[in-house]
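The values are calculated or read from the model by the stated rules, or taken from the named source; none is laboratory data. On a predicted model such as this, the values are computed, not experimentally measured, just so you know. Every residue, glycine as well, gets a Cβ built from its backbone with ideal geometry; the counts of neighbours run over all protein chains shown. Just so you know, the surface numbers come from the protein's heavy atoms only, side chains and all, with ligands and any DNA or RNA stripped out. Shrake-Rupley method; radii C 1.70, N 1.55, O 1.52, S 1.80 Å.
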Amino acid sequence: MKDGNAILAEYGVTVFEVMSRLAMEHGSINLGQGFPDDNGPADVRAVAAAALEDQPNQYPPMMGVPDLRQAVAAHARRFYDLEVDWQTETMVTSGATESLAACFLALIEPGDEVVCFEPLYDCYLPMIRRAGGIPKLVRLDPPDWTLPEDRLRAAFSDRTKFVLLNKPLNPAAKAFRRAELQTIADLVVQHDAYAVCDEVYEHIVFDGLPHVSLITLPGMRDRCIKIGSAGKTFSLTGWKVGYMTACPALLQRVAKAHQFLTFTTAPNLQRAVAFGLTKDDGYFSGLGAGMQTKRDRLRDGLDSIGFAAAPCQGTYFLNADIRSLGFEGSDVEFCQEITLNAGVTTLPVSAFYASDGARTNFVRFCFSKQDAILDGAVEKLGAWVRGR
Ligand code: PMP
Ligand code: GLN
């Protein structure tokens, strides 16, 4: 049999799938792969169910159903004071994943450089490289994940096509500060580049921090593509409905890839997400507040068994230092050990790094789970710690 694509062949099965399979095999509590264990808002699901029966189920328009595109524009106005023309500046995709892939395929010419922050979400590197891009990695290290300005400057060049900014950052749970965003914005302008902004966790930000979107900074309006996901904002990860906002010229470029990738997304789900985005402010603030309570619950629990948690400003992930428990092996070994012997599954943070020598002593816990599940995980880990 002839080989497949050499770049993709280098990658194994994604860490999310590997660890979820392992968790299932061993019947452990799965705090690895990131997904909530509730079923999403009942009213949003009801709109999807009704639309499935009562509305057309054939191909919706390529750019998305008008209701959802209008809702994306209204959401940008409501939360970011951003005037967006729904007809020329919004597009619906099959999850944020498709938005990202469409950006990579549409914007990258072979040899273009893309500035990315490590740790990074698993699909970024393979897809950027598959599109012919050369990733320039800027490494952030736990537990503070401070942005090293000198490394950032060194990563930009005349060949930079765009910077890929995930904010809040999965798995680091870091919400970049305004001054850090300004530095990024200045470099984007200086190098006449774009910014692809993965903001799927825009409503999951804690401790009263506002979510500042790069597109709102001076000079950024026509250089940024802002990406959101109903999977995160409505805890409906299986729906794979994403949306993007960008100036007309940029959006047109990305639409060239979207039209040949998926072309469109399930119409009833789009209609339900349109309804969701018009929910009152309390829904959105409640999502962040609810996750913050869960973060605190897990952090306090881990703390009580001697496990030092890193700061967590957003996303539904909390990282903890395995050295604080005196564990001397790698983070990968730790995750295997606790799946088998504690009955809890987490992810090794090293899985989110690509550069050589970027080892971490951290594991990532997903806390978008029912309280009893979080408590059960702490109890099992506590028993394992005491038994060592
Ligand atoms: N970006 C990041 C940082 C994520 O954590 C996720 C979640 N899976 C995605 C993109 C993909 O989002 P979606 O499920 O909407 O494709
Ligand atoms: N975004 C989720 C995470 O970081 C998982 C996405 C996936 O399984 N592909 O855990």
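Just a few scattered comments:
- Search result, residues across the stretch 39-59 that are in contact with a Lys or Arg (Cβ under 9 Å, 6 or more places away or on another chain) and not hydrophobic (A, V, I, L, M, F, W, C): ASN39, PRO41, ASP43, GLN55
- Each residue in the stretch 225-235 was checked for being open to solvent by 10 Å² or more (accessible area, probe 1.4 Å) and outside any strand (DSSP E or B), and 2 of them qualify.
- Subset of the stretch 153-174 [over 18 Å from MET220 (Cα atoms) and of a type in the set (A, V, I, L, M)]: ALA154, ALA155, LEU169, ALA172, ALA173
- The stretch 173-224 - residue that is of a type in the set (Asp, Glu) and in contact (Cβ under 8 Å) with a residue 40 or more places away in the chain and, of those, surrounded by the fewest Cβ atoms within 10 Å (Cβ to Cβ): ASP207
- For the criterion of being crowded, with 20+ Cβ neighbours inside 10 Å and within 16 Å of ligand 1 (Cβ to nearest atom), LYS240 fails.
- Take the conditions (1) farther than 16 Å from LEU374 by Cα; (2) in contact with a Phe, Trp or Tyr (Cβ under 6 Å, 6 or more places away or on another chain); CYS312 misses just one of them, which is (2).
- Hits in the stretch 1-17 - residues which are assigned to a loop (DSSP other than H, G, I, E, B) and either surrounded by 11 or more Cβ atoms within 10 Å (Cβ to Cβ) or of a type in the set (Phe, Trp, Tyr) (or both): TYR11, THR14
- Helices (runs of 4 or more DSSP H) wholly inside the stretch 240-327 containing at least 2 residues that are among the aliphatic types (A, V, I, L, M) and under 22 Å from TRP384 (Cα atoms): 281-304
- Among the residues of the stretch 333-388, those identified as part of a loop (DSSP other than H, G, I, E, B), within 16 Å of ligand 2 (Cβ to nearest atom) and modelled with pLDDT of 95 or more are THR346, PHE367, SER368, LYS369.
- Complete set of residues in the stretch 18-45 that are touching a residue at least 12 places away in the same chain (Cβ under 8 Å) and part of a helix (DSSP H, G or I): MET19, SER20, LEU22, ALA23, HIS26, ASP43, VAL44, ARG45
- Per-region count, the stretch 93-112, residues outside any helix (DSSP H, G or I), over 14 Å from ASP198 (Cα atoms) and touching a residue at least 40 places away in the same chain (Cβ under 8 Å): 5
- Residue selected from the stretch 353-388 under the condition among the aromatic types (Phe, Trp, Tyr) and buried (at least 24 other Cβ atoms within 10 Å of the Cβ), by the criterion farthest from ASN30 (Cα to Cα): PHE362
- Among residues of the stretch 51-69, those that are in contact (Cβ under 8 Å) with a residue 12 or more places away in the chain, part of a helix (DSSP H, G or I) and open to solvent by 40 Å² or more (accessible area, probe 1.4 Å), counted: 3
- Which numbered condition PRO126 misses (of (1) touching a helix residue (DSSP H, G or I) at 6+ places or on another chain (Cβ under 9 Å); (2) within 27 Å of LYS294 (Cβ to Cβ)): (2)
- One residue from ILE128, ILE134 being farther than 21 Å from LEU251 by Cα, free of Cβ contacts under 8 Å to residues at least 40 places away in the same chain and in contact with a strand residue (DSSP E or B) (Cβ under 8 Å, 6 or more places away or on another chain): ILE134
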